[in-house]
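Student: Okay, here's the structure, questions in a sec.
The values are calculated or read from the model by the stated rules, or taken from the named source; none is laboratory data. Quantities reported herein were computed from a predicted structural model and do not represent experimental measurements. Note: ideal-geometry Cβ built from the backbone for every residue, glycine included; neighbour counts use all protein chains shown.
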Amino acid sequence: MKNCSRWLMGIGILIVAGMMVASTVVEVYAGEAALAYFRQAKINWRAFEGQKLTIGLNKHPYTESLLPLIPEFEALTGIKVEYLILPEQEYFSKLVADLSTQRGEFTVIMTGPMRNWAYATPGWIVPLDPFLNDPKLTDREWYKLEDFFPGLIAANRWNGKTGGGVGEGPLYSIPVLSESYILSYRKDIFGQYKIKVPASMEEMVEAARQVKKNAGIDGIVARGIPATSTIATGFISGAKSYADGKWHEIDENINARFDDPRHMKFVQLWVDMVRESGPANWANMTWYNAMETFAAGQAGMIADADFFAATYEDPSKSKVAGKVGYALIPPGPSGVTYSALWTWALGMSKATQNKEAAWYFIQWATSARTLLNATIEYRNYNPSRASVMSNAQVQKIMGGWENYLDVVQRNLKTARVGWVPNPERVRLGDIWARALHEIYFKRLSTEEAMKRANAEIEKVFKEVGLKK
């Protein structure tokens, strides 16, 4: 790690050999009054004074909300913190390399439920229950695990069973935010050209076409790189909704099901839509490219993370603040949307030598006070704790985003982990995304691409012993 000077709000970033390296921030914390809250916990926050931690972080709005607060943790505990920030694809590649070799470069990691399936199976990360249940390390009455939305804690538990087991077994990470997936659209353009807010996938395709025809901008923007992240948000939510929640990418016998007619029909609609009405560089678009394109006023719709609204509605970052409407991703014939669900969360590498100090960081970072500050001061949305979500100031901020709160609350009634649990979820998602590219560039028909994806996934499952 290298030290670097402050940049903007205490977020130090230095480009070194293609990596974004950030050192300990030097922003001044609020002082003894701020620490008094944490000292109410009946634990010795100074028990691991002098130890050092390295936090692995994805380039993400949550990361931006965390960094300015770290000096508070250092003042509270005497534990020194360094961190490494990388764009998502690079981050996960480096994280897997570190975990798989058990080098222990990262002590605390930014992770989430579906990523944990791959990390827990070979024992690369540790369950957090022993730390939570140790009264010397955690004051359960002060920490209030029950304050987290139950579905988010459940999403981060897994019993290791391929094909199921979510919500059971060990807790591998603790959520710092929640996201489900909604449709954000330019209400000014839709109103001006009398474009209907889509209530079906077919109507969404037509709405994208009308925006491009009338407004002269891309009708829709979406993730497009040939990787799991392209599948994981709006696409998988649309696919599951289109099939009324009755289609799954693998069945109970661990067979890939990409050539199911319901799925292939959705894929054809989606790929045709982004080819005809989306950006010319769709195949290279990451999540932040898509978010920034919409915020720049260059697209009429985006089906992606709900919390992107914090960027869209921020006039300092967006040209569309006050011009965005929010809707559920179009449902299937039953009229029900089945959004996928994700929580960014903090977990711990098995290789770390300072596990207790690492737990103190996780406990501090996910405490009610820290998450409230991250939300109010640095726009960490959506909150993972009920007390933060119900805070009057948070409600006032989110309530000013058109119909956002209503849409998110309705979406969460049916949102769920969108993937069938399996430790090869990332490889499966990569294969799925590459198949979309084959269709987009017209190298294969939808049926050919999906059948080939089935075969590739079957091969992977046999290689790792999930199937004989």
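Student: Sort out for me the helices (runs of 4 or more DSSP H) sitting completely within segment 364-468 that have 3 or more residues that are among the small types (Gly, Ala, Ser).
Tutor: On the way: elements: 368-378, 386-389, 392-399, 404-411, 425-440, 446-463.
The qualifying helices (runs of 4 or more DSSP H) are 425-440, 446-463.
Student: Now for a different question. Among the residues of segment 21-41, is there at least one that is modelled with pLDDT under 50, closer than 13 Å to LEU84 by Cβ and either touching a Ser or Thr at 6+ places or on another chain (Cβ under 6 Å) or hydrophobic (A, V, I, L, M, F, W, C) (or both)?
Tutor: yes
Student: Sticking with this structure for a sec: Within segment 276-286, track down each residue that is surrounded by fewer than 21 Cβ atoms within 10 Å (Cβ to Cβ) and either outside the structural domain of ILE439 (by TED's automatic domain parsing) or assigned to a helix (DSSP H, G or I) (or both).
Tutor: GLU276, ALA283, ASN284
Student: I would also like to ask the following. Any residue in segment 332-340 that is out of contact with any Asp or Glu (no Cβ under 7 Å at 6 or more places or on another chain), outside any loop (DSSP other than H, G, I, E, B) and in contact (Cβ under 8 Å) with a residue 24 or more places away in the chain?
Tutor: Yes: one or more hits.
Student: Of (1) surrounded by 15 or more Cβ atoms within 10 Å (Cβ to Cβ); (2) among the acidic types (Asp, Glu); (3) more than 15 Å from the chain's Cα centre (by Cα), GLU64 satisfies all except one. Which?
Tutor: Checking GLU64 against (1) surrounded by 15 or more Cβ atoms within 10 Å (Cβ to Cβ); (2) among the acidic types (Asp, Glu); (3) more than 15 Å from the chain's Cα centre (by Cα), the one that fails is (3).
Table: residues versus (1) in contact with an Asp or Glu (Cβ under 7 Å, 6 or more places away or on another chain); (2) at pLDDT 95 or above; (3) of a type outside the set (A, V, I, L, M, F, W, C); (4) over 21 Å from ALA368 (Cβ atoms).
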position: ASN44; (1), (2), (3), (4): no, yes, yes, no
position: THR54; (1), (2), (3), (4): yes, yes, yes, yes
position: GLU64; (1), (2), (3), (4): no, yes, yes, no
position: ASP98; (1), (2), (3), (4): yes, yes, yes, yes
position: VAL108; (1), (2), (3), (4): no, yes, no, no
position: TRP142; (1), (2), (3), (4): no, yes, no, no
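Student: Oh, and also: Condition first: closer than 13 Å to ARG257 by Cα and of a type in the set (Asp, Glu). Now tell me which residues in segment 449-468 satisfy that. Break it down into steps so the answer makes sense when it comes.
Tutor: Going residue by residue through segment 449-468, those that are closer than 13 Å to ARG257 by Cα are 449-458.
The answer is GLU456, GLU458.
Student: If you don't mind, there's one more thing I want to ask. Can you list the helices (runs of 4 or more DSSP H) found entirely within segment 25-111 that contain at least 3 residues being touching a helix residue (DSSP H, G or I) at 6+ places or on another chain (Cβ under 9 Å) and within 20 Å of ILE174 (Cβ to Cβ)? Even if it seems obvious, please write down each step before you answer.
Tutor: Details: elements: 32-38, 61-66, 70-77, 88-101.
Hits in segment 25-111: 61-66, 70-77, 88-101.
Student: In this structure, is THR121 out of contact with any strand residue (DSSP E or B) (no Cβ under 9 Å at 6 or more places or on another chain) and either buried (at least 20 other Cβ atoms within 10 Å of the Cβ) or over 26 Å from TYR288 (Cα atoms) (or both)? Walk me through how you get there before you give the answer.
Tutor: Details: out of contact with any strand residue (DSSP E or B) (no Cβ under 9 Å at 6 or more places or on another chain): yes; either buried (at least 20 other Cβ atoms within 10 Å of the Cβ) or over 26 Å from TYR288 (Cα atoms) (or both): yes.
So THR121 fits the description; yes.
Student: Only one of GLU202, GLU206 is out of contact with any strand residue (DSSP E or B) (no Cβ under 6 Å at 6 or more places or on another chain) and either in a loop (DSSP other than H, G, I, E, B) or without any contact (Cβ under 8 Å) to a residue 12 or more places away in the chain (or both). Can you tell me which?
Tutor: Working: GLU202 fails: either in a loop (DSSP other than H, G, I, E, B) or without any contact (Cβ under 8 Å) to a residue 12 or more places away in the chain (or both).
Going through GLU202, GLU206 in turn, the sole match is GLU206.
Student: Another question about this same structure. Could you list, in sequence order, the residues of segment 244-264 that are assigned to a helix (DSSP H, G or I) and surrounded by fewer than 15 Cβ atoms within 10 Å (Cβ to Cβ)? It would help to see each step written out before you state the result.
Tutor: Taking segment 244-264 as the starting set, the residues that turn out to be assigned to a helix (DSSP H, G or I) are 261-264.
Residue satisfying the conditions is PRO261 alone.
Student: Do you know which of the residues in segment 287-312 that are assigned to a strand (DSSP E or B) and in contact with a Pro (Cβ under 9 Å, 6 or more places away or on another chain) is farthest from VAL221 (Cα to Cα)?
Tutor: Checked segment 287-312; the qualifying residue farthest from VAL221 (Cα to Cα) is ALA303.
Student: Could you say which residue among GLN409, GLN395 is surrounded by fewer than 17 Cβ atoms within 10 Å (Cβ to Cβ) and closer than 30 Å to LEU76 by Cβ? Give the steps one after another, and end with the answer.
Tutor: Details: GLN409 fails: closer than 30 Å to LEU76 by Cβ.
Matching residue, one of GLN409, GLN395: GLN395.
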